[in-house]
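Notes follow the structure.
The values are calculated or read from the model by the stated rules, or taken from the named source; none is laboratory data. These figures come from a predicted structure and were not determined experimentally. Cβ sites come from the backbone with ideal geometry, for glycine too, and all protein chains shown count toward neighbours.
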């Protein structure tokens, strides 16, 4: 661990938030970390892969891809370090990733096997509380999306749909989908959908191309 950069790397991992230097020293000396480096274009983790590690992007920028089973819809977004990779998939009924993560720049990741996470949670109450907080926060965000007031306009319908499929509700997104398919997903007529999309383009919220749309800043779409 000392060869990688001592305690500073551990302090960036949410699992160790609030740890004292003495506790971090114990963790560094007793824990097996999986440090990896990825070059641009390499897959960090793929959809369907078993989530047997708590994976953490410690350096670089990655492309996160969300795709429907029939490949008819695809959303790509750029995410910078530091960032956890679907920690809510570590436990529960479905312990497989639902998104694919590509290295956009040279990336460094730090992994903790599930066995190591369980041991740390047994030995450190703070690690246990941090893990519960991480997973609970993700679960609450997902629940909040479902409980949100129903969209009152085509624009709100589009924004909510994209937010539900995004890894983060902010930043630049690229969506690959045909207008007919998007209309079917949103239960909107082609006329209403096209009118809403062109209005949003006129407002600078997105840019339309054949078979795809570019969203410069997702947070502006959600206002």
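Answer with yes or no whether residue 113 is in the same structural domain as residue 212 (by TED's automatic domain parsing) and under 16 Å from residue 85 (Cα atoms). Criteria not met by residue 113.
To keep it simple, each residue is scored yes or no on (1) in the same structural domain as residue 99 (by TED's automatic domain parsing); (2) closer than 29 Å to residue 61 by Cβ.
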{"site": "142", "(1), (2)": "yes, yes"}
{"site": "162", "(1), (2)": "no, yes"}
{"site": "165", "(1), (2)": "no, yes"}
{"site": "170", "(1), (2)": "no, yes"}
{"site": "174", "(1), (2)": "no, yes"}
{"site": "177", "(1), (2)": "no, yes"}
{"site": "180", "(1), (2)": "no, no"}
{"site": "183", "(1), (2)": "no, no"}
{"site": "187", "(1), (2)": "no, no"}
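Within the stretch 109-118, if we keep just the residues that are in contact (Cβ under 8 Å) with a residue 40 or more places away in the chain and in a helix (DSSP H, G or I), the residue that is surrounded by the most Cβ atoms within 10 Å (Cβ to Cβ) turns out to be 117.
Residues checked against (1) surrounded by 15 or more Cβ atoms within 10 Å (Cβ to Cβ); (2) assigned to a helix (DSSP H, G or I):
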position	(1), (2)
128	yes, yes
131	yes, yes
136	no, yes
140	no, yes
157	yes, yes
170	yes, no
174	yes, no
183	yes, yes
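Total residues in the stretch 191-206 satisfying the condition of being in contact with a helix residue (DSSP H, G or I) (Cβ under 9 Å, 6 or more places away or on another chain), more than 14 Å from residue 162 (Cβ to Cβ) and surrounded by 12 or more Cβ atoms within 10 Å (Cβ to Cβ): the figure is 4. Selection over the stretch 99-111 of residues that are in contact with a helix residue (DSSP H, G or I) (Cβ under 7 Å, 6 or more places away or on another chain) and at pLDDT 95 or above gives a count of 0.
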